[in-house]
1. Of the numbered conditions (1) part of a strand (DSSP E or B); (2) over 44 Å from the mean Cα position of the chain (by Cα); (3) not charged (D, E, K, R), Val215 fails exactly one; give the number of that condition.
2. Quick one: how many residues across the range 142-172 are open to solvent by less than 20 Å² (accessible area, probe 1.4 Å) and without any contact (Cβ under 8 Å) to a residue 12 or more places away in the chain?
3. If you go through the range 139-146 one residue at a time, do you hit one that is part of a strand (DSSP E or B), closer than 17 Å to Gln204 by Cα and in contact with a strand residue (DSSP E or B) (Cβ under 8 Å, 6 or more places away or on another chain)?
4. Here is a check on your reading of the model: is Gly192 in contact (Cβ under 8 Å) with a residue 60 or more places away in the chain and either more than 25 Å from Ile114 (Cα to Cα) or outside any helix (DSSP H, G or I) (or both)?
5. How many of the residues making up the range 121-141 are of a type in the set (Gly, Ala, Ser) and open to solvent by 40 Å² or more (accessible area, probe 1.4 Å)?
6. Quickly run through the range 190-227 and pick out the residues that are exposed (fewer than 13 other Cβ atoms within 10 Å of the Cβ) and within 21 Å of Gly147 (Cβ to Cβ).
Amino acid sequence: MNKMGLYQRFWCLFVTIVLLLTAAGIYPDDSRKSAQARGTEDTAGQLSAVTTNSQVQRQEAGSASRLGGSSRLRQPVTVQAPKPAQVPESKPKAKAAAKQPDSVPVAAPAPEQIITSMKVTATGYTAGYESTGKTAKHPQYGITYSGVKVRRDKNAVSTIAADPKVLPLGSILYIPGYGYAIVADTGSAIKGRKIDLYFSTTKQVYKEWGKKTVVVQLIKRGNGKCTESMLKSLGHAIQTYNAVPQYLLEEVI
């Protein structure tokens, strides 16, 4: 046998061995390796895609659970407009009760100061034409029979008119609901146990007084005169003590 024939036999044997090894998976095959690599890459890509989808689904599920369930994400939230509050029907206001006159802030005289108590009919008057027949231009407008000017001060002393035969000028009285007063005026219609209380306006006469029968307390019987100094001293004492002090009744007046 020549050398060429021997080489061909060795070559055939070598190819046969290689093919057997390749079929058995022992000998490396580039095409197979590349196919396996591609297959591995495809499998890895599929696994990555599956993992990514799973993570996305878990995130969506977590978000949905935090929002209260997936149904709220799919269904639009309907916001209902608040119903208008029902306002109760206003009841008709009752008519305001007639305003009562303010109570007199001064204190009543002490029992030992009262000389006598008498029931009298008390009316009200003003310095105007409706009571005195004088207008504001008259030189004697607002001037009493005793010569002092009329005054109304519930915190001190006011002037009133009375019958001098019953209550002489300068007499001091306490009139419930009116306060302390001094007789400084007279009137043609004021006779007997009648007194006329001074007010600044006719509105005050009708609103605060009108005509009443009251029991008054006499704490000083006058001597027939009434002066501005007497009114000033008496008013100052009442404002200071909220009543007439006994020493003033005995010494000053």
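1. Against the list (1) part of a strand (DSSP E or B); (2) over 44 Å from the mean Cα position of the chain (by Cα); (3) not charged (D, E, K, R), Val215 comes up short only on (2).
2. 0
3. No, the conditions are met nowhere in the range 139-146.
4. no
5. Counting residues in the range 121-141 that are of a type in the set (Gly, Ala, Ser) and open to solvent by 40 Å² or more (accessible area, probe 1.4 Å) gives 3.
6. Asn223, Gly224
The values are calculated or read from the model by the stated rules, or taken from the named source; none is laboratory data. Every value quoted in this text rests on a predicted model; they were computed, and no experiment measured them. Reconstructed Cβ throughout: ideal geometry from the backbone, glycine too, with neighbour counts over all protein chains shown. Accessible surface is based on the protein model in full, side chains and every heavy atom, while ligands, DNA and RNA are left aside. Shrake-Rupley method; radii C 1.70, N 1.55, O 1.52, S 1.80 Å.
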